[in-house]
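I have placed the structure first, in the form of structure tokens, so that the comments after it can refer back to it.
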Amino acid sequence: MSGTENPRATVLIADDSDPNREILTEFLRRENYTVVSAEDGEQALTCFRQGRVDLALLDVMMPRLTGFEVCKTLKSNPETRLIPVVLVTGLSQTQDRVRGIDCGADDFLSKPVVKEELLARVRSLLRLKHFTDELENAETVLFSLALSIEAKDPYTGGHCDRLSKYSVTLAERLGLKEELRVALRRAGVIHDIGKLAVPEHILLKPGPLSPEEWLIMKQHPVLGERICSPLKSFRHVLPIIRHHHEKLDGTGYPDGLKGEKIPLTARILTTVDIYDALTTERPYREALSSEEAFATLREEVTRGWWDPDLVNELEAALTAGEPAFLKGAL
Ligand SMILES: [Fe+2]
């Protein structure tokens, strides 16, 4: 893909020097890129908030916020972290580059910027961005489908969102690495996507299911895993989807896994799923209070169903007022 094949890509140039901005703008406009420019770091962040930016070229030394600070802010926000950032640094400033890598920069350009090098970097990073956007589109479709299942059932409003927040809170308390926290956030929304294949008369049946209906219902973790399996970015989400109905004593489904054979991430989602179900109103009962829900969970722990450490951890988190201000896109 050349610049002329992707004329709508928008490149942000942030530099406090007028001549530098003008030169870079000229190079990019000739290749039909849309250019927005900022004179300092604060303005650069405003540009991101105001509209679509596909790639950012940030001068390192800028007033108000430096290129490092802007880069760090962008890379720590789930909504902007996939936008490629190129830091423009002075010649051979190794320390700048090390710091830039720490801040999450995708690439570097040395001053004075050479036109051919600039255009090659921009082309290559935008190609990558294009693939990331495609992937995000596929994920967005899956999330919308998952939320459409939730929307069918008036008693589960907000369930997915709460699950994401509770499970990420637990994951943080347990010190799980970033990729597993992200997987849990996604799984909170998407874990029941296999219910798409369950007929509505079973899905929304107010009374108990017949044994045949149960057989169909119990397929949903397997079907969900199959629906999401083509997405490589979901590889840590798949085990959560498949195993979110397992029980520690092996009486759960679909695989009857026991104890620690059930992935920790799946056990986390199960714990918060049960807690949320208990504390939400159902057609056949009122919502339980938090204390009542934990009493029920503990009783079921003694039956060998749930992970006692995770139940304790969830109670401790909620007692401490978490999850508080959990933000972020899925
Ligand atoms: Fe489920």
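Residue by residue, here is whether (1) within 20 Å of residue 320 (Cβ to Cβ); (2) touching an Asp or Glu at 6+ places or on another chain (Cβ under 7 Å); (3) not acidic (Asp, Glu) holds:
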site	(1), (2), (3)
258	no, yes, yes
263	no, no, yes
272	yes, no, yes
284	no, no, yes
Only residues that are at pLDDT 75 or above and over 14 Å from residue 187 (Cβ atoms): list them for region 150-161, please. 158
If I go through region 43-70 residue by residue, how many of them are hydroxyl-bearing (Ser, Thr, Tyr) and either in contact with a Ser or Thr (Cβ under 8 Å, 6 or more places away or on another chain) or surrounded by fewer than 18 Cβ atoms within 10 Å (Cβ to Cβ) (or both)? 1
Is at least one residue of region 58-69 under 24 Å from the mean Cα position of the chain (by Cα) and touching a residue at least 24 places away in the same chain (Cβ under 8 Å)? yes
Residues of region 94-104 being closer than 12 Å to residue 60 by Cα and open to solvent by less than 40 Å² (accessible area, probe 1.4 Å), in sequence order, are 96, 100, 103
Any residue at all in region 71-93 that is buried (at least 20 other Cβ atoms within 10 Å of the Cβ) and of a type in the set (D, E, K, R)? no
Scope region 299-323; condition free of Cβ contacts under 8 Å to residues at least 40 places away in the same chain and at positive phi; matching residues: 321
Report whether or not residue 233 is hydroxyl-bearing (Ser, Thr, Tyr) and either out of contact with any helix residue (DSSP H, G or I) (no Cβ under 7 Å at 6 or more places or on another chain) or without any contact (Cβ under 8 Å) to a residue 40 or more places away in the chain (or both). no
Subset of region 75-107, residues among the basic types (Lys, Arg) and either within 25 Å of the chain's Cα centre (by Cα) or within 20 Å of residue 117 (Cβ to Cβ) (or both), comes to 75, 81, 97
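Okay, residues lined up against (1) farther than 22 Å from residue 208 by Cα; (2) open to solvent by less than 30 Å² (accessible area, probe 1.4 Å); (3) in contact with a Phe, Trp or Tyr (Cβ under 8 Å, 6 or more places away or on another chain):
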{"residue": "245", "(1), (2), (3)": "no, no, yes"}
{"residue": "251", "(1), (2), (3)": "no, no, yes"}
{"residue": "259", "(1), (2), (3)": "yes, yes, no"}
{"residue": "268", "(1), (2), (3)": "yes, yes, no"}
{"residue": "286", "(1), (2), (3)": "no, no, no"}
{"residue": "293", "(1), (2), (3)": "no, yes, yes"}
{"residue": "298", "(1), (2), (3)": "yes, no, no"}
{"residue": "306", "(1), (2), (3)": "yes, yes, no"}
{"residue": "309", "(1), (2), (3)": "yes, no, no"}
Restricting attention to region 105-135, and to residues there that are out of contact with any Cys (no Cβ under 6 Å at 6 or more places or on another chain) and closer than 18 Å to residue 76 by Cβ, which single residue is surrounded by the most Cβ atoms within 10 Å (Cβ to Cβ)? 106
For region 222-235, give me each residue that is in a helix (DSSP H, G or I) and open to solvent by 80 Å² or more (accessible area, probe 1.4 Å). 226, 232
Qualifying residue in region 212-223 (condition: within 22 Å of the chain's Cα centre (by Cα) and under 30 Å from residue 76 (Cα atoms)): no
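The values are calculated or read from the model by the stated rules, or taken from the named source; none is laboratory data. Predicted model, so just to flag it, every value in this text is computed and none were measured. Cβ coordinates were reconstructed from backbone atoms using ideal geometry, including for glycine residues, and neighbour counts include every protein chain displayed. Side chains included, ligands, DNA and RNA excluded: accessible areas come from the protein's heavy atoms. Shrake-Rupley method; radii C 1.70, N 1.55, O 1.52, S 1.80 Å.
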